[in-house]
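S.K.: Here's a structure for you.
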Amino acid sequence: MKVLIPVLITLPLALAAQPRLGAGLKFGIPFQGWFEDVQGREFSFDASRGWAVGPALELRLIGGVSVEASGLYRQVGRDAGGGYSIASFSDRERGYSWEFPLVARVRLPLRFAGFRPLLEGGPAVNWLRTHTGGIHTAIIASQSSFITVPVAVHSSANDLTPGVTAGGGLERPLGPLRVSLDVRYTRWKTGYCSAEDLRCIALNQGALQLGIGF
């Protein structure tokens, strides 16, 4: 009991003296597009940007354990088209997504040239907002013949996609700053997508991320 009382007194004081809440920026380089490419008689090609950026907050706990929440902005897009000469279509989808991962980070008790390895994982959700515009040809019967008429098509999408993310990397303090470099893998729950679907989200996605914060 005599040993426990000083520990209970000094531990909260030691934790209070440490910076518990950190903030910074995340820069990501995705390894693939947000949409899957579909090729054949009809095609759909991903046109998403190859970068993502956003803020991050980190709550540091005891023993190198922390919880990080971040929001990563990325411009996404898709170009699709196909069909026959008398019945064809062309779509162009553009917009943006916000990815919100909430990960637990565990720093291992090892150091390599000042770098400390870490492991991380947790849930994630992606908010996607896009607009699609295109031209679809419609076949109309006119007496004994058929004519094709171009029809402008416009639609919008506002989707939430849950997922799970995990990864690992290295972290190093540079004065008041903390610099981290990690690789993350994310599995998105998007449902079944057949080969005939031209708008398919890539289930398995990865990214290289650079974090700078304090």
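The values are calculated or read from the model by the stated rules, or taken from the named source; none is laboratory data. On a predicted model such as this, the values are computed, not experimentally measured, just so you know. As a convention, Cβ positions derive from the backbone with ideal geometry for all residues, glycine included, and neighbour counts pool all protein chains shown. The area values use the complete protein model at the heavy-atom level, side chains included, leaving out ligands, DNA and RNA. Shrake-Rupley method; radii C 1.70, N 1.55, O 1.52, S 1.80 Å.
S.K.: I need the calculated FRET efficiency for the pair PHE214 and GLN32, taking r as the beta carbon distance and R₀ as 35 Å, to the nearest 0.05.
M.R.: 0.65
S.K.: Extension gain LEU21-ARG41, at 0.36 nm per residue separation less the Cα-Cα distance, in nm? Spell out each step's value before the answer.
M.R.: Details: separation 20, 0.36 × 20 = 7.20 nm, distance 5.34 nm.
Taking LEU21 through ARG41 to full extension adds about 1.9 nm, to one decimal.
S.K.: Once you list every other residue whose beta carbon is under 15 Å from the beta carbon of LEU128, what net charge do they have if Lys and Arg are +1 and Asp and Glu are -1?
M.R.: Value of the local net charge: +2.
S.K.: Mind checking the full-extension length gain between VAL151 and ALA87? Use 0.36 nm per residue of separation minus the Cα-Cα distance, one decimal, nm.
M.R.: Once the chain is fully extended between VAL151 and ALA87, it gains 21.9 nm.
S.K.: Round to a whole angstrom and tell me the spacing of the C-alpha centers of segment 157-214 and segment 91-138.
M.R.: 3
S.K.: Roll a 1.4 angstrom probe over the protein heavy atoms and tell me the percent of accessible area of segment 148-206 that is carbon or sulfur.
M.R.: 62
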